[in-house]
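The values are calculated or read from the model by the stated rules, or taken from the named source; none is laboratory data. The model shown is predicted, which means the values in this text are computed figures rather than measured ones. Here Cβ is always computed from backbone atoms with ideal geometry, including for glycine, and neighbour counts include all displayed protein chains.
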Amino acid sequence: MTKLDDAIDRVSRNIAQTGALTKEASRRYEQMFADFRVELDRTLDASETLADAAQATMAMLEQASNLLRDSFPNPQPRACRDQCSACCHLFVSVPPGVTELIASHIKATFTAAQTNALLDRLRVAANEIEQFTKTNEVRARCPLLDEQDRCSIYDMRPLTCRAFTSADAGLCHAMVFGDSAQQTARIDQDPGHYRLHIEATEALQNLATRRGLEGRQKGFVHALLDRLDNGLENGPASA
Ligand code: SF4
């Protein structure tokens, strides 16, 4: 064997070994999401109510999402910052359990005056949303945003709000407040983080279906308005 043959042999082995390791890493990456879903489904099946299931989902998502970000190289940059609320003017949908959880949280933490003011804002926002024919065209300030542009239910915010991330706040601002051409801008999502939230949303939908309840997602503003308007004293609507 010549020196050239030896060199080619070493390079070939190196490439083959690295390729095999990369394929294995890719397989385990996929498996990681499947395992997350299995653990989440098991946890949700043990939940007494859909609201409990939504709360457990948020806790698991928060942990998994933070670990994902801390454990992998080259995390996608995030421009999301306190009081940056452009995305809080987009349409928010919620899977089963989330509205019930948030309504109970509001009942436990808002004063009567705050709840009445929220109801007024929800009615205004619901009316604004109804003027749009497509959900992706909706631009309406979320009634849960406070006067400082902070989410007033941040720890309980819907999964959609948790899923959305952006590397460019200027792009978000243009998409929400810009002219019609800018409003079609695409905001690239952090893929792993987003995927966890898709799995979690589906898990809550499937749980509701397994319990013989409605599994589809609903518009957050209308669902919360309906829930609060119908009185929280009636207790959880779904078990
Ligand atoms: S619930 Fe909170 S995070 Fe979600 S859109 Fe409303 S204000 Fe923003």
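Things to note:
- Failed item in (1) acidic (Asp, Glu); (2) within 16 Å of the ligand (Cβ to nearest atom); (3) out of contact with any helix residue (DSSP H, G or I) (no Cβ under 8 Å at 6 or more places or on another chain), with Glu100 passing the rest: (3)
- Of the helices (runs of 4 or more DSSP H) entirely within the stretch 157-215, those holding at least 3 residues that are at pLDDT below 95 occupy 169-177.
- Index of the failed condition, Gln83 passing every other in (1) assigned to a helix (DSSP H, G or I); (2) within 30 Å of Cys142 (Cα to Cα); (3) touching a residue at least 24 places away in the same chain (Cβ under 8 Å): (1)
- Residue list for the stretch 129-152, restricted to those being surrounded by 14 or more Cβ atoms within 10 Å (Cβ to Cβ), away from the ligand (no atom under 11 Å from the Cβ) and of a type outside the set (A, V, I, L, M): Arg139
- Count - residues of the stretch 153-188 that are within 15 Å of the ligand (Cβ to nearest atom), free of Cβ contacts under 8 Å to residues at least 24 places away in the same chain and polar (S, T, N, Q): 0
- Cross-chain or 6+ apart pairs with Cβ under 7 Å, the stretch 105-133 first and more than 9 Å from Pro143 (Cβ to Cβ), then at pLDDT below 95 and not small (Gly, Ala, Ser): Lys107/Leu232
Results for (1) in contact with a Pro (Cβ under 9 Å, 6 or more places away or on another chain); (2) under 27 Å from Tyr154 (Cα atoms), shown as yes or no for each residue.
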position: Val11; (1), (2): no, no
position: Ser26; (1), (2): no, no
position: Phe33; (1), (2): no, yes
position: Asp45; (1), (2): no, yes
position: Thr49; (1), (2): yes, yes
position: Ala59; (1), (2): no, yes
position: Ser65; (1), (2): no, yes
position: Leu68; (1), (2): yes, yes
